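Colleague: Let me begin by handing over the structure; questions about it come next.
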Amino acid sequence: MLPLVPSLLLSELPAGATDLAPDTRVSQPAGMDQPIGQEALELLEWPRLGEHLASFASTTAGGALCARLPLGADLAESRRRLAETTELVGLDGLSEGGLSFQGVADLGDTLLFCAKGGTASGLALLAVATTLAAARRLRRQIEDPTIRPVTTALVADLRTLPELEQRLRFCLEEGGRVADRASAPLAELRRQLAAARSDRRERLQELIRRHNSLLQDTVVSERNGRPVLAVKAGAASQLAGLVHDSSASGSTVFIEPQAVIALGNRIGVLAGKEREQEQQVLLELSGLVGAEQPALSHLQAVLMQLDFALARARYGQALNAVRPELEADPDTPIRLEGLRHPLLLWQERRQGGHGVVPVSVQVGPELRVVAITGPNTGGKTVTLKSVGLAALMARAGLFLPCSGSPSLPWCELVLADIGDEQSLQQNLSTFSGHVRRIARILAALPSEASAGACLVLLDEVGAGTDPTEGTALAIALLRHLAERARLTIATTHFGELKALKYNDSRFENASVAFDVATLSPTYHLLWGIPGRSNALAIANRLGLDGAVLDQAQLLLAPRGEGELNQVIAGLEAQRQRQQEAAEEAAALLARTELLHEELLERWQQQSDQSAELQEQRRQALEHSIRDGQQEVRRIIRRLRQGQASGETARQAGQKLKQLEQDHRPKPERRDHRGWRPVVGERIRLLALGKAAQVLAISADGRELTVRCGVLRLTVELAAIEGLQGEKPAPPEPPQPVVQVRSRRNLASRGPEVRTERNTVDVRGLRVHEAEASLEERLRNANGPLWVIHGIGTGKLKRGLRDWLATVPYVERVSDADQGDGGQGCSVVWVK
């Protein structure tokens, strides 16, 4: 299993070493003393990815954990981390400004110090209180077993110790200063100190007034923690006191007057006792923190894990990454669509680098070895690193910079041989360095079936020695790895490795595309087609002598490499034609689907048009009925509010009859004389004989704006008809609005001055009791009503104001004049 904490990157070894002599005694090369899995992390630049992740951490401890970027110990832990990342992505997006870790501090040193009986500073103890408050706030935001079961379980047993936090905040003020209320003796000492300092200040000011002519200035300075006056050197003998200092020129002597020396001594004694009392309070608080050290350490660990998970979520959002699916079966197919190298993608988006070309990896359950060929600088090594980092990121709980839904098996081992392993100090050539590392890779592979898959990445396998022997060694090595590793991806220039797939179904070819016309790589990965090195084409473009190139071409022909390259070129051309044909077919299919959807949508609109019109008419009728019912309720309420006379009752009855006539549903007309078009309806233009759609209707209803095909016209109402031959009816003239005046408007208003009859005293009642007492008086009131509720805590006043705001016949509420009770009395104005 890979180690969890990657160490620092090793510097690259110098090139130029020769092969080892048979009798040369060699010590272990640099990096050989660390596990091969750890070395693979460094080759894949895993620590650099951890640094990028740490930039999203909110706390120091969380940033350190992100920088280490530990891998999941097993499949269950990796899946739990992915679930945490998924849940926090959603929660961070829902919260305004995102989840905040403000107030969370690193408590490690403080907890250890307090647990051993030490006395922490007030600032360190206050950090414990702010961390507890932040943990409680985060737990409230996270807890939701239905939506966030994994993170909810993480904070379920979190103890936030509210009593300890309350005690710390009670005893400590902002900045960590011990508060006066923390201790009665401390408060008394500080009172005495303040009095003594005030007395000394007054005495010094009195001395300044009396001996102003002896002083250089009237400012009280401080020397050695004691107050001094700047006295002229010639007048020093005229002011009794203790000399503490003198100016550089000798013209000024700083004297502590004799009149305040005793006070200064007393202040010093009191200040010492104050410090002792403060230390006593801090010792007590430190003991409380030390007693809760296990709970606080667990809380710190949970907060660090939450910060780690939130950093993973924000890092994934920054890269537009998606969640991968991890499977337990090592033979699970690997699907990585549109995979981008995360470090290059970070460089593109954060540092303005070049665009990253995605690669797609599709590995079936029977495939074991993929040989990637093609020219140098074409992106072969980047593909290796992208796949390796994808396996590590999924195991660490990170989302992958892919498209679609990536899935892959949980990789227990990711082993790599990438880069040049030359070393002059260790007498290692390139070939020797690769062989030593490959030997360690083979030794690390499990001999039996393990819990997770093994991924092996080999760059330029078999290079650095005789091509014939290197090819044989590479073929044997890849066949051996096909038996022991889930997947081996190797880059090579050896042509013999391209033919392995035709004899063994476990092998597959891939290549990186290259544009011979521009001599530039396209960085696209092509599956199933071996690549060409294009060495002769590149040399020709760079101006190498044509005779040399012709001779090289002749030398390739006997070995059959010329024919092989022609076959590969033909395959590439065929694949390009198939790709273009597939793209054209996909575009045609997309256009066909759009046309089909448009036809269905238009048919649905036509079929639903009549149903929509009926629904609109039904809703209008229901709205009219509701308006009438509300008007009836208002009339009944006004009749109940006062002494109704016969005339008032008669007028109310007439109004009810009028409402019944206004809101009675009209019988459905069977002819079309009353038809009127509405916006969105399709009509027929009489002049053109074509259908059109109504876009807008004028305010008087006599003109319509319609669209007929691409034309937008304004026509009169008489120039159209319905699709079924309906003739439009002319708009009706506007009806005068009948206003029903309330009995209160007809009757005389009551007096607008406070009297005993229009005053209600609800002091001492509860809110609901006051509401019941007030409601009957409001119904019978014909003027303003004064309600005496007092000031007190304001709860009764607020409750009554909130209730009065919901009463429909209350016009407004305001405070009474100062002579009528002011804020302790409210004036209620009824409609």
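The values are calculated or read from the model by the stated rules, or taken from the named source; none is laboratory data. Source: prediction; values computed, not measured. Because the Cβ atoms are built from the backbone with ideal geometry, glycine has one as well, and the counts that use them run over all protein chains shown. These area figures cover heavy atoms from the full protein model, side chains too; ligands, DNA and RNA do not enter into them. Shrake-Rupley method; radii C 1.70, N 1.55, O 1.52, S 1.80 Å.
Colleague: So what J values fall out for the stretch 337-343 if you push phi through Karplus, 6.51 cos²θ - 1.76 cosθ + 1.60 with θ = phi - 60°, rounded to Hz, Gly and Pro as x?
Modeller: Going residue by residue, I get 8, x, 6, 10, 5, x, 6 Hz, with x marking Gly and Pro.
Colleague: Sorting Tyr502, Tyr523 by accessible area (1.4 Å probe), largest first, what list results?
Modeller: Tyr502, Tyr523
Colleague: Based on Cα coordinates alone, diagonalise the gyration tensor for the stretch 436-489, multiply each eigenvalue by 5, take square roots, and list the semi-axes in whole Å, largest first.
Modeller: Those come to 22, 10, 9 Å.
Colleague: Heavy atoms of the protein only, probe of 1.4 Å, neighbouring chains included. What is the accessible area of Leu442 in Å², nearest 10?
Modeller: 50
Colleague: I want to check the label-to-label distance for Thr592 and Gln551. Put each point 7 Å from Cα in the C-beta direction and report it in nm to one decimal.
Modeller: Here the modelled spin labels are 5.9 nm apart.
Colleague: Quick check: residue separation of Arg266 and Gln604 times 0.36 nm, minus the Cα distance between them. What number comes out in nm?
Modeller: That works out to 112.1 nm of additional length.
Colleague: Loop only by DSSP, 10 or fewer other Cβ within 10 Å of the Cβ. Give me the GluC sites (Glu not before Pro) in the stretch 168-274 that pass, ordered by residue number.
Modeller: Within the stretch 168-274, the qualifying GluC sites (Glu not before Pro) (loop, at most 10 other Cβ atoms within 10 Å) are Glu174.
Colleague: Separation between the Ser405 and Val679 pseudo-spin-labels, each 7 Å from Cα along Cα→Cβ, expressed in nm?
Modeller: Each label point lies 7 Å from its Cα, and together they span 4.3 nm.
Colleague: Rank Ile475, Ile441 by accessible area, highest first, at a 1.4 Å probe radius?
Modeller: So the residues, ranked largest to smallest area, are Ile475, Ile441.
Colleague: Lys273: which aspartates and glutamates have alpha carbons under 16 Å from its alpha carbon, excluding same-chain residues fewer than 8 sequence positions away?
Modeller: Those aspartates and glutamates meeting the cut-off are Asp180, Glu188.
Colleague: Keeping all protein chains in the complex and leaving out DNA, RNA and ligands, what accessible area do you get for Thr522 with a 1.4 Å probe, in Å² to the nearest 10?
Modeller: Counting only protein heavy atoms, Thr522 exposes about 50 Å² to solvent.
Colleague: Moving on. Can you list the GluC sites (Glu not before Pro) in the stretch 44-106 that are in a DSSP coil and have 10 or fewer other beta carbons within 10 angstrom?
Modeller: Sparse-neighbourhood loop GluC sites (Glu not before Pro): Glu96.
Colleague: May I ask you to rank Thr755, Thr85 by accessible area, largest first, using a 1.4 Å probe over the protein chains only?
Modeller: From most accessible down to least: Thr755, Thr85.
Colleague: Here's another thing I want to ask about it. Over all distinct Cα pairs, what is the inverse of the mean 1/r for the stretch 132-234, reported as the Kirkwood hydrodynamic radius in Å?
Modeller: 19.1
Colleague: Shifting gears a bit: With θ taken as phi - 60° and the coefficients 6.51, -1.76 and 1.60, list the Karplus ³J(HN,Hα) couplings across the stretch 470-485 in order, rounded to whole Hz; mark glycine and proline as x.
Modeller: x, 5, 4, 5, 5, 4, 4, 5, 5, 5, 5, 5, 4, 7, 10, 10
Colleague: Now a separate question. If you wrap a convex hull around the C-alpha atoms of the stretch 350-509 and split its volume per residue, what is the figure in Å³?
Modeller: In the stretch 350-509, the Cα hull volume divided by residue count equals 152 Å³.
Colleague: Which FRET efficiency value, to the nearest 0.05, do you get for Tyr502 and Gln347 by plugging their Cβ-Cβ distance into 1/(1 + (r/R0)^6) with R0 = 51 Å?
Modeller: E between Tyr502 and Gln347, to the nearest 0.05, is 0.85.
Colleague: Using 7 Å Cα-to-Cβ label points, what is the Thr759/Thr468 separation (nm, one decimal)?
Modeller: Once both label points are built, they end up 12.3 nm from each other.
Colleague: Using a Förster distance of 25 angstrom, determine the FRET efficiency expected from the C-beta separation of His211 and Arg191, and round it to 0.05.
Modeller: Efficiency at R0 = 25 Å is approximately 0.20.
Colleague: To the nearest Å, what is the center-to-center distance of the stretch 457-479 and the stretch 164-223, using C-alpha atoms only?
Modeller: Comparing the Cα centres of the stretch 457-479 and the stretch 164-223, I get a distance of 83 Å.
Colleague: In addition: Pull out a ≥ b ≥ c, the square roots of the eigenvalues of the alpha-carbon gyration tensor of the stretch 288-364, then state rounded if a/c is under 1.5, prolate if not and a/b is larger than b/c, and oblate in the remaining case.
Modeller: Note, shape of the stretch 288-364 comes out oblate.
Colleague: May I pose another question? Can you give the local net charge around Ser100? Use residues other than it whose beta-carbon is closer than 14 angstrom to its beta-carbon, Lys and Arg +1, Asp and Glu -1.
Modeller: Around Ser100, the surrounding residues sum to +2.
Colleague: A follow-up question, please. Using a 1.4 Å probe over the heavy atoms of the protein chains, calculate the carbon and sulfur portion of the accessible area of the stretch 101-236 as a whole percent.
Modeller: Roughly 50 percent, rounded to a whole number.
Colleague: Residue by residue through the stretch 92-99, which ³J(HN,Hα) values in whole Hz follow from phi under the Karplus form 6.51 cos²θ - 1.76 cosθ + 1.60 (θ = phi - 60°), with glycine and proline marked x?
Modeller: Ordered by residue, 3J(HN,Hα) equals 5, x, 6, 7, 5, x, x, 5 Hz.
Colleague: How much FRET efficiency would the formula 1/(1 + (r/R0)^6) give for Glu775 and Gln619, where r is the Cβ-Cβ distance and R0 is 45 Å, rounded to 0.05?
Modeller: 0.80
Colleague: What does the charge add up to near Gly821, with Lys and Arg as +1, Asp and Glu as -1, over the other residues with Cβ less than 11 Å from its Cβ?
Modeller: With Lys, Arg at +1 and Asp, Glu at -1, the neighbours total -2.
Colleague: For the pairs Lys380/Lys501; Lys385/Lys501; Lys690/Lys727, flag any whose C-alpha to C-alpha distance is greater than 21 Å.
Modeller: In this structure, Lys385/Lys501 lie more than 21 Å apart at Cα.
Colleague: Report the full-extension gain for the segment Leu723 to Ser100: residue separation times 0.36 nm, less the Cα-Cα distance, to one decimal in nm.
Modeller: Roughly 218.1 nm would be gained on extension.
Colleague: Could you tell me the distance between the Cα centroids of the stretch 93-163 and the stretch 277-330, to the nearest Å?
Modeller: 8
Colleague: Sticking with this one: What net charge is computed for the residues neighbouring Ala195, neighbours being all others with C-beta under 15 Å from the C-beta of Ala195, Lys and Arg scored +1, Asp and Glu -1?
Modeller: +3
Colleague: Let me ask another. Please give the length that would be gained between Ser198 and Ser814 if that part of the chain were fully extended, namely 0.36 nm times their separation in residues minus their C-alpha to C-alpha distance (nm, one decimal).
Modeller: Between Ser198 and Ser814, full extension yields an extra 216.9 nm.
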